[in-house]
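Encoded as structure tokens, the structure appears first; notes follow it.
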Amino acid sequence: MEIKELSFKEAMRQALQEEMKADPLVVVMGQDVRKNGGSLGITLGLEEQFGEDQLMDTPSSEQAVIGTAAGAAMTGLRPVVELASMDQALLAFGELVHGAARPFYWSRGKEKVPMTVIVPIGGGDWPQNGQALENLFAHISGLKVVEPSNAAQGKGLLKAAIRDDNPVVFLVNRDLLNIKSQVPVEDSYILPLGKSYTERKGGSVTIVAWGAALVSVLEAAVVLDQDGVRAEVINPMTLSPLDMDPIFQSVKKTGHLLIVHDENKTGGMGAEISASVAESQVFDYLEAPIFRLCGLDVPMPYSKGLEDVMTPKAEDVIQSVYDLLGVD
Amino acid sequence: MKYTEELLATMYYRMYQARFFEETLKSSSVSEKINGVSHLSIGQEATAVGACMAMNQDDEIVMSFRNHAQAIASGMEIKGMMAEVMGKESGINGGLSGSAHLSDVSVHNLGTSPAPGAAYPIACGAALTQQKKKTGQVVLCFGGDGTLDEGLFGESLNLAALWKLPVIFVIENNFFSGATAIEHHFAPKSVAALAASYGIPAVTVDGNDVIAVHSAVTKARAKTADGEGPFVVEAQTYRLCGYDTNDLQLYRSVDEQKIWQQHDPINLFTTTLIQDYQMDQAVLEQLKENATRSVKDALDYAENASDPSMNDALTPVYAK
């Protein structure tokens, strides 16, 4: 498979381009997507190839746009909506739940809603814009929620989301958009939804993380390695429906579990993963209580300095692992 | 336009089916078996039937939550509807949707979202599909006057106008949002004026006159199918029953209700059929009788149907 170094943003653009080309029913809609590349710059340059048939600028009417995408998806299109930020996703939340997530269930599978909603998270800009709130989406049965952490995952998961017959919320962290990594350039490259991936093997401790937090965790794992602490790192990628099995298997092996995420601790995805482990047979294998290292339970502050201390960094991960293992 | 006897007879039959269907739901022996309340459209049958029957068979329909008459008018099968409203396994959606989310893709009925205003953008999306696929089909979307107050109505009109979507919004103005009269919940001068501010043509018709509704929606459909974009039809009507089956109706006078009872859409249509279309009274009696029987059969079917099992509730949440 041919590999190329691409930024997260370029990889997402490639995914859109491949899927729009393969299927003219894939339409991308969002604010300023035609001339300005949308809020993330991922649609830049696509207009020449696809025109307004497949690339549609929308007014600032998030709820109507999500509902329109749902109605279009029900009747045969495969819309991809780019929302400019999490605050806009909250405006659209009603239609995302009622219009997109529910009809498949209550029609007993007769109405499918194959749509993708790209929601930027993190990366600063004010208390509303910078929040993530992934757990709100994961709570809604009928929605799938994914959060990639690098370019290759961004491409593979976006292609899978577009091909999926369900509404998928695709969370993308602005802080990661310009980071480059190795990406398979083949059309056929895809990362199936609903599978947790083992990013790194190890026997000392299981660390579960995703999105931007995963970057800090992988950085920490390298340092821990030097101290002889082998971290096994699991990245769910799909937060809902969540594939717990690789996490169970890893905990069985290591006896120690640390969950790291950027979002607020209270009611976050870490609580869900933690409870699932505590409820399972794997509980007996735990040699220490489950640890969670999460964002602080406050709204996102504006100042860059404050924003930086809100989310776990590599040194916090290292400290948490030592606390968990009872090492001074 | 010239109306065939067959079309007039179908309209008459479906209006009576809708009326008997809802009177059955209202009766205490049935209403106590229904989970929650149901929202009846007794008195609004002309709007539902007139609008649906002005559409082509392949046109998509998106309903308002006061949807029984609309569902019947769209051609939905009443046995499955009755069983669904009663939450039975053989209901049209297997007892998972209930009365509030009736839908049937086999008759191009996409259903409804009872969250106020939430159906408008769904209709815009269905219209976008017709536009992109160049099917020539049109989408009919019902909404009550209560939903005019939602931002989604304005957002959807804006989107439909900008993209010239082939969608007809039929606003069933029954002059009440819940227990609040329209002058206390809707500030614009009229629905038509509001539509006009988005550049969308609109007409106001007597929603209790099935021929008037049919004629207005037929004209709207022709323009919309011609690529002229969205259209709004305001049908002024009245619900002769409460907001829902629990409504005590303390907010309106008996006199007001009596005046509207004089304008019962079915009675008006009966007179029209006899006087203007020289239909035989015996034929009409037979249609009415057939409608009664179909509802009785539907009730028998629903009452004898089994409840869904736990397996039905765990029916797939995700499409494969």
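The values are calculated or read from the model by the stated rules, or taken from the named source; none is laboratory data. What you see is a predicted model, and the numbers here were worked out from it, not measured in a lab. Virtual Cβ from ideal backbone geometry, glycine too; neighbours counted across all protein chains shown. In case anyone asks, the SASA skips ligands and DNA or RNA and just uses the protein heavy atoms, side chains included. Shrake-Rupley method; radii C 1.70, N 1.55, O 1.52, S 1.80 Å.
With the structure loaded, tell me whether residue A:7 is more than 10 Å from chain B (Cβ to nearest Cβ) and at pLDDT below 95 or whether it fails that test. So residue A:7 fails the test. Here is the figure for the range A:287-305: residues that are in contact with a strand residue (DSSP E or B) (Cβ under 6 Å, 6 or more places away or on another chain) and of a type in the set (D, E, K, R) total 2. Exactly one residue among B:101, B:108 is within 13 Å of another protein chain (Cβ to nearest Cβ) and at positive phi, and that residue is B:108. Residues that are open to solvent by 10 Å² or more (accessible area, probe 1.4 Å) and within 7 Å of another protein chain (Cβ to nearest Cβ) within the range B:153-165 comprise B:155, B:158, B:162, listed in sequence order.
Within the range A:73-86, the set of residues being in contact with a Leu (Cβ under 7 Å, 6 or more places away or on another chain), at the interface with chain B (Cβ under 7 Å from one of its Cβ atoms) and not aliphatic (A, V, I, L, M) comprises just one member, A:76. Report whether or not residue A:89 is part of a helix (DSSP H, G or I), away from chain B (no Cβ under 11 Å), of a type outside the set (Lys, Arg) and under 20 Å from residue B:124 (Cβ atoms). In short, yes. Within the range B:172-181, not a single residue is within 14 Å of another protein chain (Cβ to nearest Cβ) and open to solvent by less than 10 Å² (accessible area, probe 1.4 Å). Scanning the range A:31-44 for any residue that is open to solvent by 10 Å² or more (accessible area, probe 1.4 Å), farther than 27 Å from residue A:122 by Cβ and either within 7 Å of another protein chain (Cβ to nearest Cβ) or of a type outside the set (Lys, Arg) (or both) turns up nothing.
Across the range A:1-41, the number of residues qualifying as in contact (Cβ under 8 Å) with a residue 60 or more places away in the chain and more than 22 Å from residue B:131 (Cβ to Cβ) comes to 18. Condition check for residue B:155 on (1) free of Cβ contacts under 8 Å to residues at least 60 places away in the same chain; (2) part of a loop (DSSP other than H, G, I, E, B): one failure, at (2).
A count restricted to the range B:97-118 and to residues that are open to solvent by 10 Å² or more (accessible area, probe 1.4 Å) and outside any loop (DSSP other than H, G, I, E, B) stands at 9. For the range B:20-54, the tally of residues that are open to solvent by less than 20 Å² (accessible area, probe 1.4 Å) and under 21 Å from residue B:142 (Cβ atoms) stands at 18. Quick check on the range A:54-72: of everything there that is touching a residue at least 40 places away in the same chain (Cβ under 8 Å) and under 19 Å from residue B:140 (Cβ atoms), which residue is nearest to the other protein chains (Cβ to nearest Cβ)? Result: A:72. Filtered by the rule that a residue be within 30 Å of residue A:144 (Cβ to Cβ), open to solvent by 80 Å² or more (accessible area, probe 1.4 Å) and either polar (S, T, N, Q) or touching a strand residue (DSSP E or B) at 6+ places or on another chain (Cβ under 6 Å) (or both), the range B:282-320 gives a lone residue, B:311.
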